[in-house]
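See below for the structure under consideration.
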Amino acid sequence: MNLITLANRYITERRQLGYKLTSEARCILDFAGYFQEREASHALTTELTLEWASLAPSGSSIAIARRFRILRPFSQYLHQHGFTHLVLPTHYLGPTHRRLPPYIYSEADRKRLMTAASNLIPIDGLRPHTIGALIGLLISTGIRPGEAVRLQCNDVDLHENVLTISNSKGWYHRIVPISTSTAIQWQAMLIFADNELA
């Protein structure tokens with residue numbers, strides 16, 4: 001069985017377990033193709049993996065380390081299925097992400113954001129209200145942007161003034177309180193949306 005077939009099988013099995021593997025799947029398949037072109041009859045090696053990782057488009061040390069790290073679980077899978085004796089080492093190339101210093105928005109920043117949202121076109125359409133509600137929700141709750149855009153109607157309880165965050169980073173599930181003013185704005189936006197879509 002060649003590496004591309006194993007890569008597809010690995011991705012399928014991981015997704016069946018609930019992992020999205022969006023960018024990771026592209027990297028794994030790209031590596032499998034690279035391996036097949038260069039070392040089809042040879043064993044997986046750290047050197048070959050590093051050679052592929054070094055082709056990261058940005059060329060930054062963090063991007064190279066991230067590409068290398070993405071392949072480690074795949075190498076464990078290959079080892080378990082007898083394809084290779086090598087399991088790639090952890091922390092081989094250093095950190096895989098850079099934590100940027102947080103930017104604290106001032107009251108003036110928040111007002112400019114809300115004004116810009118209200119001026120989105122079409123002015124009398126749903127978009128200014130939706131983006132304004134989204135920004136307001138992020139400001140008032142501190143939830144991540146990805147968590148906000150993934151909210152479903154049944155995640156929002158306007159009677160108890162809470163949000164249920166289900167698909168959070170690390171798969172955490174938590175309840176986030178919202179202020180009464182946020183709940184009122186949310187209800188007004190929903191009423192507006194219902195009228196627009198009716």
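A few comments on the model shown:
- Filter pass, Ala148 being closer than 16 Å to Ile178 by Cβ, of a type in the set (A, V, I, L, M), touching a helix residue (DSSP H, G or I) at 6+ places or on another chain (Cβ under 7 Å) and without any contact (Cβ under 8 Å) to a residue 24 or more places away in the chain: yes
- Count of residues meeting criterion [of a type in the set (A, V, I, L, M), part of a helix (DSSP H, G or I) and more than 19 Å from the chain's Cα centre (by Cα)] in the range 30-63: 4
- Test result for Arg98, at pLDDT 90 or above and among the charged types (D, E, K, R): no
- Matching residues in the range 83-119 - criterion: being in contact (Cβ under 8 Å) with a residue 24 or more places away in the chain, surrounded by fewer than 11 Cβ atoms within 10 Å (Cβ to Cβ) and basic (Lys, Arg): Arg98
- Flag if Thr164 is assigned to a strand (DSSP E or B), surrounded by 10 or more Cβ atoms within 10 Å (Cβ to Cβ) and modelled with pLDDT of 80 or more: yes
- Candidates Pro122, Pro128, Pro177 - the one that is farther than 30 Å from Ile70 by Cα and touching a Ser or Thr at 6+ places or on another chain (Cβ under 6 Å): Pro128
- The range 6-26, residues that are of a type in the set (Ser, Thr, Tyr), assigned to a helix (DSSP H, G or I) and either modelled with pLDDT under 90 or surrounded by 13 or more Cβ atoms within 10 Å (Cβ to Cβ) (or both): Tyr10, Thr22, Ser23
The values are calculated or read from the model by the stated rules, or taken from the named source; none is laboratory data. Remember, it's a predicted structure, so these values are computed and weren't measured experimentally. Every residue, glycine as well, gets a Cβ built from its backbone with ideal geometry; the counts of neighbours run over all protein chains shown.
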